[in-house]
Amino acid sequence: MSSSSLDEPTEAQSAASPLTRIGEARWVLLTALAAAVAAVVLFQVPFWPAAGAMLAMTAVAAFIPRRSASRRVRLNTQREMRRMWPGTGMKMTVDALPTPCFVADGRGITRYVNAQALATYDGVKPGDPLSFSLRAPSLLEAFDRVCNSGGAERISWIEKVPTETWYEAHIAPIYMPGSSAQGRSNPLPDFILVVIQDLTENRRLERMRTDFVANASHELRTPLASLTGFIETLQGPARNDPEAQDRFLSIMLDQAGRMRRLIDDILSLSRIELKAHVRPASIVDLAEIIRHTSDALSPLARDMDVKIRIDLPKTAVRLRGDRDELIQVVENLVENALKYGSSGNFVDVGLSAQVDDLNAASWVLSVRDYGEGIPSEHLPRLTERFYRVDVESSRALKGTGLGLAIVKHILTRHRARLEVESEPGEGATFRVRLPALEQSDEQEETASA
């Protein structure tokens, strides 16, 4: 529909307006009076009967042609509306949709596409067959079915090239007002609306959750099987063997501790994911958090024969963040450096201010060890859940495989990012870039104080 057909009065509407009807009544009255006067003068007819008869005849002569003209104008307007559709109003509606949207006629010719479709599909333009842009066979078959049946359909399909992607399309018929399709028992649509949604991210998240449950079940199954086996041994062959009981109970305690750590990390990760979209509101001192965490890990450092060296600003480093979550970030990074870089004897923890090319200020927390380092092929996957560079050493060091995944989700909530550099034999450096406190945040903190 064009904008004029939606917002402006048509000729037929103007003919039926109150002002027009008043003008027609005045014209009819004057005509009837003139005819009555002529009849009285020429034919000696009484005035009032002549006036009544002439009034009735003039009304019939005046209104019948006008109604016919109005009907012709209305039909012509409907034809023009169908010819020019989609017009401004419908285009605005289609453009408001957040997903790619196509409007085609019954022949499969594209009549209009929204901005999302233009951005997603190269070379698409009205006038081309819909199959030039959408080549999925199942989609085109569904389009033909909607054209022939007039019923809406929803289909999904997978494309393998260039990468595996999932799509869903909703195909719906459109019937124009006053079209010949209305009133039929099996009407065919005037146009077809095709709305496409990319489900790739949702499907990958579903797969990730499935993998997470499978991996968590596997990680829990191993210590649970060990506990079950040792309990059965203690109830059977080792019932009266104090030496075996002490050894088995010690192993059982370790396995129970492993299960507890795994469950704690899973629950922690779930809590962080629930509020990942909510940025922290409180202001914290990052330098104090680093000192606190380093002091808490000093017993582990002594056990590993590693010295933690700290290089922090003398003043407070204030930024927007969640204190408990930032403690968890520093704790995970420093603890990993102590465990996996213990052969280097030192772990350096630093904090410095930086300004990037866009003049955005940030605080950079760096944790460096001098151990064996991490092969480059493992770096992109370090933050995946349950991913380990060395499974055996990780389990021996009581790792759950979730530490860096927790770090990644916490940093995402804080609008921060994690960078990793490592060379085999030269240790590894983990850098966290946290946004500095903005001026508005400082004013808000001062006002609240």
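All of the numbers you see were taken from the coordinates with simple rules; none came from a lab. All values derive from a computational prediction rather than experimental measurement. Cβ atoms come from the backbone with ideal geometry, glycine included; neighbour counts cover every protein chain shown.
For the peptides 164-173, 318-327, 220-229, the ranking by mean Cβ contacts within 10 Å, running from highest to lowest, is 318-327, 164-173, 220-229. Between Ile310 and Asn148, the FRET efficiency from the beta-carbon distance, with R0 = 56 Å, is close to 0.15.
For Lys91, a cut-off of 17 angstrom between C-alpha atoms picks up these lysines, skipping any fewer than 8 places away in its own chain: Lys125. Spacing of the modelled spin labels on Glu243 and Ser282, each 7 Å from Cα toward Cβ, amounts to 5.4 nm.
Applying 1/(1 + (r/R0)^6) with R0 = 22 Å to the Cβ-Cβ distance of Arg260 and Thr233 gives a FRET efficiency near 0.50. Potential lengthening of the chain between Asn215 and Thr99 amounts to 38.3 nm, from the contour at 0.36 nm per residue minus the alpha-carbon distance.
Note the full-extension length gain between Ala225 and Glu384 as 0.36 nm times their separation in residues minus their Cα-Cα distance, in nm to one decimal.
54.7 nm
In plain terms, the residue of Lys91, Lys160, Lys307 with the fewest other Cβ atoms within 10 Å comes first and the most crowded comes last, giving Lys160, Lys307, Lys91. A Förster radius of 45 Å combined with the Cβ-Cβ distance from Lys125 to Ser250 puts the calculated FRET efficiency at roughly 0.05. Taking 18 Å as the straight-line reach from the Cα of Lys275, the aspartates and glutamates in range (excluding those fewer than 8 positions away in the same chain) are Asp264, Asp265, Asp322, Asp324, Glu325.
Fewest neighbouring Cβ atoms within 10 Å first, the residues Val161, Val407, Val420, Val195 line up as Val161, Val420, Val195, Val407. One chain, two ends: Val391 and Thr412. Fully extended at 0.36 nm per residue, the span grows by 4.9 nm beyond their Cα-Cα distance.
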